[in-house]
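Report on one structure; see the data block that follows.
Just so it is clear, none of the values below were taken in a lab; they were calculated from the coordinates. These numbers were taken from a predicted model, which means no experiment stands behind them. Cβ placement follows ideal geometry from the backbone for every residue including glycine, while neighbour counts extend to all protein chains displayed.
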Amino acid sequence: MPERVVVAMSGGVDSSVAAALLVEQGYEVIGVMLRLWSEPPLPIWGGAVEAAINRCCSVESIHDARGVADRLGIPFYVLNAEAPFKAHVVDPFIDAYASGQTPNPCLRCNRMIRFGFLLDYARALDARYLATGHYARIRPDGQGGFQLWRGVDQAKDQSYVLSVLGQADLASALFPVGEYAKPAVRALAAARGLPTASRADSQDLCFVADGDYRRFLAEHASEAVQPGPIVDRRGRQMGTHRGLPFYTIGQRSGLGIAAARPLYVLALDAAHNTLVVGTADELGQRWLRTGPVHWVADKAPAEQLVAAVQIRYRAQPAPAKVRVLPDGGAEVQFGAALRDITPGQAAVFYAGEQALGYGIIAEAREN
């Protein structure tokens, strides 16, 4: 009997090619799309309303995914995950912004929904694996375990948002397109006549219908979107902000302040509803502390290590000394100041192309 694998299908080219490759490799493939939470209908001109959508599971996406499944001759199901997605991804996203942080919801989605809710569903179907269209690779560690590596296509690499996975997850995961560059994936789709070959890539914040997270937060966390003072490092008031969730560390535009030198956001003080700004030479920070670190190997590699640390999804990794703290968190000391260390984002630790783990940034300072 061939091994059974559930493929998380999005209606995009990456998951479509992942399913096609697995069929060709002899697996018994089942396609599943998750129906995720979407906003209530949005009012539009003339008193009408715009239908609520989640861009990861729109009607068009379901149609395209079903078309791929039909082409491949595999079963296809749509699984309702609205409630867990709202509870584990959307609500924490709102709460994080309300507390002055800037979160990446893809981390929680991968941890709680894809490799939580959907992996549990796959196991209930007696599937050996859950496959996705992520650009990442899994390698044996030589001791019976697994390592998470960057995808071959560095521009599309998604190991940053997969650093939430542990050994049990990697033992059950397949990333078929991780060995390919994006143009090659599109060529594979076209050669197989898949209807998603030329479909545009999906975007982040799938649950924000119009892509405007500021509008979303104003509607869903209005108590956190209150005007307040803009001050410099000395506490001198420079202006008034529109609400802390509208700003992020390193931001320059949209401050509404006339100054002799360009000003940037240095910090968000949620306790006092204050936005702290300063000049470019005040922006850099060399030190950060994270909350509890999740290690892909399920254990810390050492009490102290040298690693490349990536502080945002598309940031360049920077060399740093990492000290594992008794509480499970980590202190990170960079050799050079970074301009946009942001509480709420993940600091992901790498050894070469191998992702070691991640911790959510709790605070940062100059040294």
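Computed quantities for the displayed model
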| read-out | value |
| --- | --- |
| 10 Å-binned pair-distance histogram of the chain (Cα, whole percent) | 5, 22, 29, 25, 14, 4, 0, 0 |
| Cα radius of gyration and Dmax for region 226-282 (Å) | 9.9, 29 |
| Helix-only [θ]222 nm of the chain, DSSP H runs n ≥ 4, -39500 (n - 2.57) each, per residue, nearest 500 | -5500 deg cm²/dmol |
| Within-15-Å neighbourhood charge of Tyr27 [Cβ basis; K, R +1; D, E -1] | -2 |
| Total formal charge among the other residues, if their Cβ is under 15 angstrom from that of Pro2, Lys/Arg +1 and Asp/Glu -1 | -2 |
| Percent antiparallel among DSSP beta bridges (both partners in the chain, rounded to 5) | 75 |
| Point-charge dipole on Cβ atoms (K/R +1, D/E -1) for the chain, about Cα centre, debye to 20 | 640 |
| Packing-based order for 339-345, 240-246, 275-281, using average beta carbon neighbours within 10 Å, highest first | 339-345, 240-246, 275-281 |
